[in-house]
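Visitor: The structure that follows is given in the form of structure tokens.
Readers should treat all values here as calculations from the given coordinates under stated rules, not as data from a laboratory. Because the structure is a prediction, the values reported are computed rather than measured. Neighbour counts are summed over all protein chains in view; Cβ atoms, including those assigned to glycine, are modelled from backbone coordinates with ideal geometry.
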Amino acid sequence: MHELSLACSIQEIVEQEIGRRCGGKLRGRVPSLTVRVGSMSGVEPEALSFAWDVTREQGPFPEAHLEIEKIPARALCNRCSRAFLLEESNGECPSCGVCPFRIVEGRELEVRRIVWEDDES
Amino acid sequence: MNTGKIRVLDLQRSVTAKNDEIAAALRDRFRRNGLFVVNLLSGPGAGKTTLLEKTVQALEGKLRCLVLEGDLRTTNDADRIAGSGADAIQIVTNGVCHLDSKMITSALEGVELDAYDAVVIENVGNLVCPNSFDLGETVRVVVSSVPEGEDKPAKYPFLFEGAEVVLLNKIDLLPHTPFDKEAFWSAIGRVNRSVLRLETSCTTGMGLDGWLRWFQGRAAEWKTAGRETE
Ligand SMILES: Nc1nc2c(ncn2[C@@H]2O[C@H](COP(=O)(O)OP(=O)(O)OP(=O)(O)O)[C@@H](O)[C@H]2O)c(=O)[nH]1
Ligand SMILES: [Mg+2]
Ligand SMILES: [Zn+2]
């Protein structure tokens, strides 16, 4: 399950971002963080959630709740330039039928937001 | 419990950035050596190792190949390649479903890359997981086989999208299955127009000449291109 390695990478990013803001020494709590997962990223959101729950237990922010923002794959028809959602389209352009298209959105796999409760008085 | 100051950190950080960074360093190293590197991807049992056995046999004396074999548990695949006359390094992932750039870097530690013209990395047989991990390869080649059915490109478009070559393997089985070749290739064409389409049977040898021609041609071209950029 590659989601486990990805969850470890997310953990690293969280530690880096917070460490950077408090001189390397982690402090505070992370109530939640948001990760964007494209439907073409090859990542299963449920599997990532599960992997995250295993990973966070062992990290400095065991409370961190993972919110996943799912990004549907958006394609652009090469013939008529119509934009359409791949999942809703049966793999073809709704206007001109079977024709080549390119995928312009849906490969995302990125940390977008970390909510950090800084407890330094 | 007193709560602290809430701070919202808005970011845009790729989760695979670290792997990508190590892969970029590998790619540099490969280019400096004029090495053509293939990341070979497929579902379990599509015929990657068999294809590589045939490939290194056919190219013996023409192209110096190094094969890296990714496998969940065993070293059988590397033994098979070594038996065919090429150097092979096994990477046992201990259950991890994909190779990553760090595993490739450690596998190549101390290896004289000058001794080779081409490297083929056989990824772990899996249609989904290896896709997220750049290995510093020059090209991706996807093997799909007749028994898997024609719906794989429609179900896993992201795998086929980034491939330079797709091999439809085990075509010797076509007479025995209702495989819809047209549906298979047109689903690939929709996400990847420039892909080279090859149909092979590693057991009868059918179609392997086209594959070998592409492989040799591309490796030679890459060597020249690498030298010119120096
Ligand atoms: N009929 C037929 N069988 C084939 C062909 N190519 C490979 N096979 C058989 O398919 C089985 C799997 O082949 P491998 O080469 O081990 O496949 P692989 O992709 O390396 O498998 P993993 O590494 O386990 O993912 C073996 O029994 C091969 O003999 C082919 O063209 N036709
Ligand atoms: Mg194999
Ligand atoms: Zn159209």
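Visitor: Test of the criteria: in segment B:89-167, which GluC sites (Glu not before Pro) are in a DSSP loop and have at most 14 other Cβ atoms within 10 angstrom of their Cβ?
Guide: Answer by residue number: B:Glu109, B:Glu112.
Visitor: Identify all lysines with a Cα-Cα distance to B:Lys62 below 27 Å; exclude those on the same chain that are fewer than 8 residues away in sequence.
Guide: Within the straight-line limit of under 27 Å, B:Lys62 reaches these lysines: B:Lys48, B:Lys54, B:Lys170, B:Lys223.
Visitor: Something else now. For segment B:43-228, what's the relative contact order in percent, using C-alpha pairs closer than 8 Å and at least 6 residues apart?
Guide: So the answer I get is 20 percent.
Visitor: Please give the FRET efficiency for A:Asn90 paired with B:Thr93, using the beta carbon to beta carbon distance and R0 = 35 Å, rounded to the nearest 0.05.
Guide: Efficiency computed from Cβ-Cβ geometry: 0.45.
Visitor: Then there is this: Does anyone have the angle between helix A:45-57 and the longest principal axis of chain A? Alpha-carbon axes, 0 to 90°, nearest 10?
Guide: Compared with the principal axis, the helix lies near 10 degrees.
Visitor: For B:Asn169, enumerate residues with amide H under 5 Å from its amide H, sequence gap 5+ or separate chain, H modeled in the peptide plane.
Guide: B:Ser144, B:Ser145, B:Val146, B:Thr200
Visitor: Right, next: Assuming R0 = 45 Å, what is the FRET efficiency of A:Cys99 and A:Arg27, from their Cβ-Cβ distance, to the nearest 0.05?
Guide: Working from the Cβ atoms, E equals 0.25.
Visitor: Further question: Within chain B, which cysteines find no other Cys whose Cβ is under 4.7 angstrom from their own?
Guide: B:Cys65, B:Cys202
Visitor: Write out the trypsin sites (Lys or Arg not before Pro) in segment B:123-230 meeting two conditions: DSSP loop, and at most 13 other Cβ atoms within 10 Å of their Cβ.
Guide: Of the trypsin sites (Lys or Arg not before Pro), the ones in loops of segment B:123-230 whose Cβ has at most 13 other Cβ atoms within 10 Å are B:Arg193.
Visitor: Hey, another quick one. What whole-number distance in Å separates the alpha-carbon centres of segment A:82-115 and segment B:166-196?
Guide: What the calculation gives is 23 Å, centre to centre.
Visitor: B:Lys102: which aspartates and glutamates have alpha carbons under 19 Å from its alpha carbon, excluding same-chain residues fewer than 8 sequence positions away?
Guide: The reachable aspartates and glutamates, counting only those whose Cα sits under 19 Å from B:Lys102, are A:Glu3, A:Glu12, B:Asp20, B:Glu21, B:Asp28, B:Glu69, B:Asp71, B:Glu112, B:Glu122, B:Asp134, B:Glu137.
Visitor: Right, next: Using 7 Å Cα-to-Cβ label points, what is the B:Leu113/B:Leu174 separation (nm, one decimal)?
Guide: The two pseudo-label positions are separated by 3.9 nm.
Visitor: Then there's this: By its C-alpha gyration tensor, with a ≥ b ≥ c as the square roots of the eigenvalues, how is chain B shaped: rounded for a/c under 1.5, else prolate for a/b larger than b/c, else oblate?
Guide: The shape class here is oblate.
Visitor: Residues of segment B:103-120 with backbone nitrogen within less than 16 Å of a virtual label 7 Å along the Cα-to-Cβ line of B:Arg32, please, listed as ranges.
Guide: B:105-106, B:108-116
Visitor: Moving on. Where in segment B:136-166 does the amide nitrogen come within less than 13 Å of the point 7 Å from the Cα of B:Lys181, taken along Cα to Cβ?
Guide: B:146
Visitor: What residues of segment B:26-57 lie in the reach of a label at B:Ser106, counting those whose backbone N is under 20 Å from a point 7 Å from the Cα along Cα→Cβ?
Guide: Within reach of a label on B:Ser106, which here means backbone N under 20 Å from a point 7 Å along Cα→Cβ, segment B:26-57 contributes B:26-27.
Visitor: Show me the GluC sites (Glu not before Pro) within segment A:1-94 that DSSP assigns to loop and that have at most 14 other Cβ atoms within 10 Å of their Cβ.
Guide: Sparse-neighbourhood loop GluC sites (Glu not before Pro): A:Glu63.
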